[in-house]
Amino acid sequence: MKAPLWRRRLLPVVAVLLGLNLVVLAVWTAPRAWRMRDATARAERARAEVERLRAATTVLRLRADAIRANAADLERFYGTLVGTEKAELLPTLEAIEDLARSPGLQPGARTVRREIVEDAPIERVAVTLPLEGSYAQLVRFLSEVERSPRFLTVDSVAMRRQDRGETSLQVELSAYLRQPGGARKDKARGRT
C-alpha cells in the first residue's frame, strides 16, 4: 500500500522546513550565547580589576597616612626636639656633663665632632666622653640620658673594668642641631 500523497510530498517539505528552522535558530542564538559568555567573562575581569584597584587604593591610603604621620613627626622633631647651634650647643654639652656627674661619675675631657646629616637641614654633634665610676653609676647615667628632655642618642658604649671595683666607660652620644635658615654646609666640621 502506498502512502498518501500528503505524506509523500509534505513530509519531506516539513522535515526540510524543520531542519531549516533549527539552523536559523542555531544561527540566531549561538552568537547571542557567545556574546553573553563574553560579557560574563568581561564582567568577571572587571570585578577582579575593581578588587585589585581597591586593594591598591587601600595600600596607597595607608602609605599616604604614613607619609602624613612622618611629616608630622618630622615637623615635631625640627620644631621641638632640635634646637639651633646658638641656643642649644653649649647647654647640651653642659647637660651631658651634668648627667654624668649626677650619679657620681668622674667625666674626663670630652671630644666633640660635628657632621652634616645628609638630606636634612640638621647637623650631628657627636660627643665622646670618658667616664669613671662604679657599674651602678654607669647604669644610672645611661638611664638619665634616656630620660633626658633633650634629644640625645647613645651611639656606642665601651666599658673596661679597672682596679678597686671602678669601671671606665667611653660613651659616644649624639645631639642634633638645626642649621640656621635651613642652610647646608658643604662639609663636616672637624673636632672642637
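The values are calculated or read from the model by the stated rules, or taken from the named source; none is laboratory data. Keep in mind that what you see is a predicted model, and the values were worked out from it rather than measured. Cβ sites come from the backbone with ideal geometry, for glycine too, and all protein chains shown count toward neighbours.
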inquiry  = Restricting to the range 91-110, count the residues that are touching a strand residue (DSSP E or B) at 6+ places or on another chain (Cβ under 8 Å) and either modelled with pLDDT of 90 or more or outside any strand (DSSP E or B) (or both).
reply    = 12
request  = Answer yes or no as to whether residue 133 is more than 17 Å from residue 84 (Cβ to Cβ) and buried (at least 17 other Cβ atoms within 10 Å of the Cβ).
outcome  = yes
query = Can we say residue 50 is surrounded by 10 or more Cβ atoms within 10 Å (Cβ to Cβ) and in contact (Cβ under 8 Å) with a residue 60 or more places away in the chain?
reply = no
